[in-house]
1. For the stretch 122-133, which residues satisfy the criterion of being loosely packed, with under 15 Cβ neighbours inside 10 Å and closer than 19 Å to residue 52 by Cβ?
2. Identify, please: which residue in the stretch 134-163 is closer than 28 Å to residue 69 by Cα and under 13 Å from the mean Cα position of the chain (by Cα) and is, among those, surrounded by the most Cβ atoms within 10 Å (Cβ to Cβ)?
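Each reported figure results from applying straightforward, stated rules to the coordinates on display, with no laboratory input. Quantities reported herein were computed from a predicted structural model and do not represent experimental measurements. Ideal geometry is used to build each Cβ from the backbone, glycine not excepted, and the neighbour counts take in all protein chains shown.
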Amino acid sequence: MKTKITVTSQFCISFLAVLALILGGVAKAQNAPAGGSSSLSAKDKMFIKKAAKGGMMEVAMGKLADEKGQSEDVKSFGKRMVADHSKANDELKKIAAQKNAKLPTKEPTASWTSDKAYMDAMVKDHEKDLAEFQEEAKSGSDPDVKKFADDTAKIVQEHLDLAKQTQSKLK
């Protein structure tokens, strides 16, 4: 009789352990983003998408500035854009992968007209970008995206200052 109780007890314990594992898996699955969807708010997703597109365009335009720019200052600015925005793009890709957010993959097409047109566009673009990055840093909902926006806003401010300085040399 004692062995029957022991066997029954072991069976019940085993059954409860398996049940606990199953229920734990169900609870974890309910907390995970369904179907690979992102855990980000719509605003954070939009910011990431715009930042990625803008970053890719900055790299493409920076390469053109380095290749086709007439002024050494413009060439130097272009090189800085390629280096800094490539780094930011890589950081953004990591965050997007962690958050299961999709980034644009299509490479932008960029064309060159002149040093002045490029620097005018860079001032205008970095003014707009700075406002967007500061807004996301202040009011975004995801802490990782907010930190990225805050850190990157500081670099965008440097770019804006350098763009204005370079632009003034072309007039």
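1. Within the stretch 122-133, 128, 131 meet the criteria.
2. 152
Listed here are the residues, each with its yes/no results for (1) in a helix (DSSP H, G or I); (2) basic (Lys, Arg); (3) more than 19 Å from residue 59 (Cβ to Cβ); (4) without any contact (Cβ under 8 Å) to a residue 24 or more places away in the chain.
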position	(1), (2), (3), (4)
109	no, no, no, no
123	yes, no, no, no
130	yes, no, no, no
136	yes, no, yes, no
